[in-house]
Amino acid sequence: MMKNKTILIMMLLKIPRIGGQTVRKILNREVDVDKSVDNWHFLSKSEITIVKKAVTGGKLSDEIWERYHLEVLEELEQAKTLKIEVINYLDEFYPQRLLKLQRFPVILYTKGDSTLLNAKRMVTIVGTRKPTEFGIECDIELTEWLSDHGYVVVSGLAQGCDAYAHDTAEMTIAVVAHGLDQPIYPRSNTQLSKSILERGGLLITTYPLGTKVIPQYLAARDEWQSGLGDGVIVIETGLTGGTNTTINYALKQMKPLAILKYDEYCKNNLGNKEFLDNPNFDGLVGMDTLINFVKRMQR
């Protein structure tokens, strides 16, 4: 039954303009999953506008539905060969932290230890691709301390702060912006991604096999890397860049936020100075402030 739920969800996502939120609305009503995988006509009874348009606009037919079914079965077989696990949002292994968000991906692709998705303690660590030497030192020390205290570290496998956090953490989850059958982005972190798996970590994406990375996907994955953590720690950030996208998602998700304070600032961490004026952020300057933030994450 659970496999057929995954198959049905993946098939529904293939319908033009149907996304995760619409899939949830469809499955919130009583649906015979096993029969629906073989017959799309249950959708003709839907009152959801975008579904009605797909039905009446010729976006669905017996041939199209059968093609979707075969494509999904092929993808699942390929995933099995590559040791990639496909998890739907109704699965018990799905990360419960994401389910608490207003919106969440209905399908996840993972490679590695998927039990980490529901680890007791998780923290997201992000920052600029060009950290200062002091920022690197802080990144490593902070990640070591959190790892020693049982935290799984989540980040985006980018160069710089993300990479140092992944490399230092005992257990880590890397959220990527492409299919897990594709070359790792950035290529320079290919060996790091292998190391993550060898150490019992996890690679995760919302993108199907065959999906190549594009800039929009890099920004979109930031929503889930913040969503997976109990809180988000910013090592260094400029006034613009991907870290700011993660921060904005974390604010919307009402995640606890912390950012490092520096004695001196440069263009690579001017964002830190600016965000420290925001009452949503804890300023990290020493062990006491870190412990206070950890307590805030555990509430």
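Worth a mention:
- Residues of segment 119-135 that turn out to be assigned to a helix (DSSP H, G or I) and buried (at least 20 other Cβ atoms within 10 Å of the Cβ), as a count: 1
- Residue among Lys14, Lys3, Lys45, Lys25 that is out of contact with any strand residue (DSSP E or B) (no Cβ under 7 Å at 6 or more places or on another chain) and within 18 Å of Asp91 (Cβ to Cβ): Lys3
- Scope segment 248-263; condition touching a Leu at 6+ places or on another chain (Cβ under 7 Å) and in contact (Cβ under 8 Å) with a residue 60 or more places away in the chain; matching residues: Ala250, Gln253, Leu260
- Top-ranked residue of segment 19-45 - restricted to ones that are under 20 Å from the mean Cα position of the chain (by Cα) and free of Cβ contacts under 8 Å to residues at least 60 places away in the same chain, ranked as nearest to Arg67 (Cα to Cα): Gly19
- Boolean, Thr49 is farther than 23 Å from Pro208 by Cβ, within 29 Å of the chain's Cα centre (by Cα) and surrounded by fewer than 19 Cβ atoms within 10 Å (Cβ to Cβ): yes
- Consider segment 67-85 and keep the residues that are in contact (Cβ under 8 Å) with a residue 60 or more places away in the chain and touching a strand residue (DSSP E or B) at 6+ places or on another chain (Cβ under 7 Å). The one that is nearest to Asn4 (Cα to Cα) is Leu76.
- Within segment 111-118, one or more residues are out of contact with any Leu (no Cβ under 8 Å at 6 or more places or on another chain), at pLDDT 95 or above, within 19 Å of Pro256 (Cα to Cα) and part of a helix (DSSP H, G or I).
- Residue match in segment 255-269 (condition: surrounded by fewer than 19 Cβ atoms within 10 Å (Cβ to Cβ), of a type in the set (Lys, Arg) and modelled with pLDDT of 95 or more): yes
- Condition met for Lys267 (assigned by TED's automatic domain parsing to the domain that holds Ile173, over 17 Å from Pro131 (Cα atoms) and not in a helix (DSSP H, G or I)): no
- Output for segment 52-65, where each listed residue is closer than 15 Å to Ser36 by Cα and surrounded by 14 or more Cβ atoms within 10 Å (Cβ to Cβ): Val55, Leu60, Ile64, Trp65
- Contact annotation: residue pairs with Cβ atoms under 6 Å, 6 or more positions apart or on different chains, pairing a residue in segment 195-217 that is closer than 28 Å to Ser147 by Cβ with a partner that is of a type in the set (Phe, Trp, Tyr) and part of a strand (DSSP E or B), are Thr205/Tyr109.
- Hits in segment 236-253 (condition: surrounded by fewer than 21 Cβ atoms within 10 Å (Cβ to Cβ) and among the β-branched types (Val, Ile, Thr)): Thr240, Thr245
- Of the candidates Ser44, Ser36, the single residue that is among the small types (Gly, Ala, Ser), surrounded by 15 or more Cβ atoms within 10 Å (Cβ to Cβ) and at negative phi is Ser36.
- Residue list for segment 144-174, filter: in a helix (DSSP H, G or I) and over 23 Å from Ile184 (Cα atoms): Glu144, Trp145, Leu146, Ser147, Asp148
- Filtered residues of segment 270-286 (kept if without any contact (Cβ under 8 Å) to a residue 12 or more places away in the chain and not in a loop (DSSP other than H, G, I, E, B)): Lys273
- Some residue of segment 34-53 being of a type in the set (Gly, Ala, Ser), under 30 Å from Gly112 (Cα atoms) and part of a helix (DSSP H, G or I): no
- The single condition among (1) assigned to a helix (DSSP H, G or I); (2) in contact with a helix residue (DSSP H, G or I) (Cβ under 7 Å, 6 or more places away or on another chain) that Ile15 does not satisfy is (1).
The values are calculated or read from the model by the stated rules, or taken from the named source; none is laboratory data. The shown structure was predicted, so the numbers you read here are calculated from the model rather than taken from an experiment. Backbone-built Cβ (ideal geometry, glycine too); neighbour counts: all protein chains shown.
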